[in-house]
Amino acid sequence: MTALESLIAELKDVCAGFPDQRKGRHVDGQYTMADIGLSAFSVFFMGSPSFLGHQRALAEGHGRSNCQTLFGMTAIPTDAYIRKMLDGAPPSAFDPLFFKTIATEGVLDPFRRLGGRTLIAVDGTECFCSRKIHCARCSTRKRSDGGTEYFHTFLGASIVAPGHQQVLPLPPEFVAPQDGATKQDCERNAVKRWLARHGPAVKHLRPVFLGDDLFACQPIAAAVQQAGGNFIFTCKPSSHRTIAEYIHGAKLEAHRQSTVKRGKRTTTVWRWLSAVPLRATEDALEVNWFSVEILNAKGKRTYYNTFVTDLPVTAATVAELAACGRSRWKIENETFNVLKTSVYNLEHNFGHGKETLASVLVTLNLLAFGFHTVARLAVPAWRQAVIARGAAYRFFEHLRTVTAYVVFETWDHLLRSIEAAAVRPP
């Protein structure tokens, strides 16, 4: 069994444990809860909202479908039934699967940085917005015309690494009204909950959390350390006046390096100062501040940013620390942007429901993204099929097309058929 087949089997077991949302039983008619959960997941995994419809047609003509052979379903529920049965299921039930994906042999090693540490970038993004459709877990905002918008936001977390093209998503934490809270939920509260819930699960990875200026505050820095991690956060002078005043006039350590790439010279200058108070209070946490500045051949600045960290900054470490701090952008570019503009269609309303459906579907979408990444890194047949098609989007075009007309016995046969046209389906 390949890593991909093993993960799908794990997902089936999780879905099988969901109670029937209408009658409190684990089965209803011909559909099991495993069928319902896997059906929803398969739509995101195959990158096709019409996947289930094609499989119903295949089952009518062949007596079976790829839902049965590839995903292990016994029957294919209707879209409306899937939404009805998943509304109320806990999104957190899928959290262990995210950690099982990154535990796949050989997946995490290429992501190690800073002497064997793992970088986890965190950030928030919006995944649904409407003026009409809403549920109890929606956040709200008033518009200038007096109307109310309902929206869903979640805090994403991804394992990233400078120089690595892939990212590994971790469980999301949804920004939603909390029991007993009078104020609307926010990303800062969400990251604290994420650390409290998942800190023990990632502690062995020696995590270094990356984030933008919003997270560079003492409560979050303290929460990271309490969870057994370290941090590198962007630190803007405009929002950290205490640090800015402390840096002004101080003698900074500096390190300079020039490189020539494709005939163009660039110079990178790193500056740093240790033991800087994070805020103007007696109990302020001391952090290490550093900046990175890139100049072109004419001496014009092309990039500049500042960071704070609780890791030691020296001439030997500052370059790698800066590269790691800059890689926080991967959660926006390689995670959120990919999820919103490619086959995952994150902002599309696949179903909102009245309770947890919207959150469950977002979680399954993220899980499909994680399974794809693991398949690319740990399943040679998948990697070879993607390379053979030339681009990821072409691979998914082939994946959707061939499974609409042909029933494949195994994932291996399907992937080999995509890789080489000479491999005929059964």
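The values are calculated or read from the model by the stated rules, or taken from the named source; none is laboratory data. Predicted model only: the values in this text are computed from it and were never measured. Every residue, glycine as well, gets a Cβ built from its backbone with ideal geometry; the counts of neighbours run over all protein chains shown.
One table, with the values for the structure above:
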read-out: Where a residue in the range 257-283 is touching a residue at least 40 places away in the same chain (Cβ under 8 Å) and its partner, wherever it lies, is among the β-branched types (Val, Ile, Thr) and surrounded by 13 or more Cβ atoms within 10 Å (Cβ to Cβ), with Cβ under 6 Å and at least six apart; value: Gln257/Thr268; Thr268/Ile294; Trp270/Val292; Trp270/Val318; Trp272/Val313; Trp272/Val318; Leu278/Val287; Arg279/Thr242
read-out: Residues satisfying the stated conditions in the range 377-388, i.e. part of a helix (DSSP H, G or I) and either hydrophobic (A, V, I, L, M, F, W, C) or touching a Ser or Thr at 6+ places or on another chain (Cβ under 6 Å) (or both); value: Leu377, Ala378, Ala381, Trp382, Ala385, Val386, Ile387, Ala388
read-out: For Phe350: the one exception among (1) surrounded by fewer than 22 Cβ atoms within 10 Å (Cβ to Cβ); (2) aromatic (Phe, Trp, Tyr); (3) in the same structural domain as Arg265 (by TED's automatic domain parsing); value: (3)
read-out: Residue in the range 7-43 that is nearest to the chain's Cα centre (by Cα), counting only those that are of a type in the set (Phe, Trp, Tyr) and modelled with pLDDT under 95; value: Phe18
read-out: Hits in the range 94-135 - residues which are among the basic types (Lys, Arg) and part of a strand (DSSP E or B); value: Arg113, Arg117
read-out: Pairs where the first residue, in the range 130-154, is free of Cβ contacts under 8 Å to residues at least 24 places away in the same chain and the second is in a loop (DSSP other than H, G, I, E, B) and of a type in the set (Val, Ile, Thr), C-beta under 9 Å, 6+ apart; value: Tyr150/Ile133
read-out: Single residue of the range 388-420 satisfying the filter (under 23 Å from the mean Cα position of the chain (by Cα) and farther than 30 Å from Pro91 by Cα) that is surrounded by the fewest Cβ atoms within 10 Å (Cβ to Cβ); value: Ala391
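The rows are residues; the columns are (1) among the small types (Gly, Ala, Ser); (2) more than 25 Å from Gly72 (Cβ to Cβ); (3) assigned to a helix (DSSP H, G or I).
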| position | (1), (2), (3) |
| --- | --- |
| Leu364 | no, no, yes |
| Arg394 | no, yes, yes |
| Glu409 | no, no, no |
| Ile418 | no, no, yes |
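Conditions (1) at positive phi; (2) of a type in the set (S, T, N, Q); (3) outside any loop (DSSP other than H, G, I, E, B), marked per residue:
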position: Ser291; (1), (2), (3): no, yes, yes
position: Ile294; (1), (2), (3): no, no, yes
position: Tyr304; (1), (2), (3): no, no, yes
position: Glu332; (1), (2), (3): no, no, yes
position: Asn337; (1), (2), (3): no, yes, yes
position: Lys354; (1), (2), (3): no, no, no
position: Ser359; (1), (2), (3): no, yes, yes
position: Ala375; (1), (2), (3): no, no, yes
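Okay, residues lined up against (1) touching a Ser or Thr at 6+ places or on another chain (Cβ under 7 Å); (2) over 19 Å from Leu195 (Cα atoms); (3) at pLDDT 95 or above:
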residue	(1), (2), (3)
Ala80	no, yes, no
Arg83	no, yes, no
Leu86	no, yes, no
Ser92	no, no, no
Pro96	no, no, yes
Gly106	no, yes, no
Phe111	yes, yes, yes
Arg117	no, no, yes
Ser130	no, yes, no
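Residue-by-condition table, conditions (1) surrounded by 17 or more Cβ atoms within 10 Å (Cβ to Cβ); (2) within 20 Å of Arg188 (Cβ to Cβ); (3) in contact with a helix residue (DSSP H, G or I) (Cβ under 6 Å, 6 or more places away or on another chain); (4) among the polar types (S, T, N, Q):
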site: Ile247; (1), (2), (3), (4): yes, no, no, no
site: Glu253; (1), (2), (3), (4): no, no, no, no
site: Arg256; (1), (2), (3), (4): no, no, no, no
site: Thr266; (1), (2), (3), (4): no, no, no, yes
site: Asn288; (1), (2), (3), (4): yes, no, no, yes
site: Ala316; (1), (2), (3), (4): no, no, no, no
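Residues are listed down the side, and each one gets a yes or a no for (1) modelled with pLDDT under 95; (2) farther than 20 Å from Ser274 by Cα:
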{"residue": "Leu155", "(1), (2)": "no, yes"}
{"residue": "Pro169", "(1), (2)": "no, yes"}
{"residue": "Gln184", "(1), (2)": "yes, yes"}
{"residue": "His198", "(1), (2)": "no, yes"}
{"residue": "His240", "(1), (2)": "yes, no"}
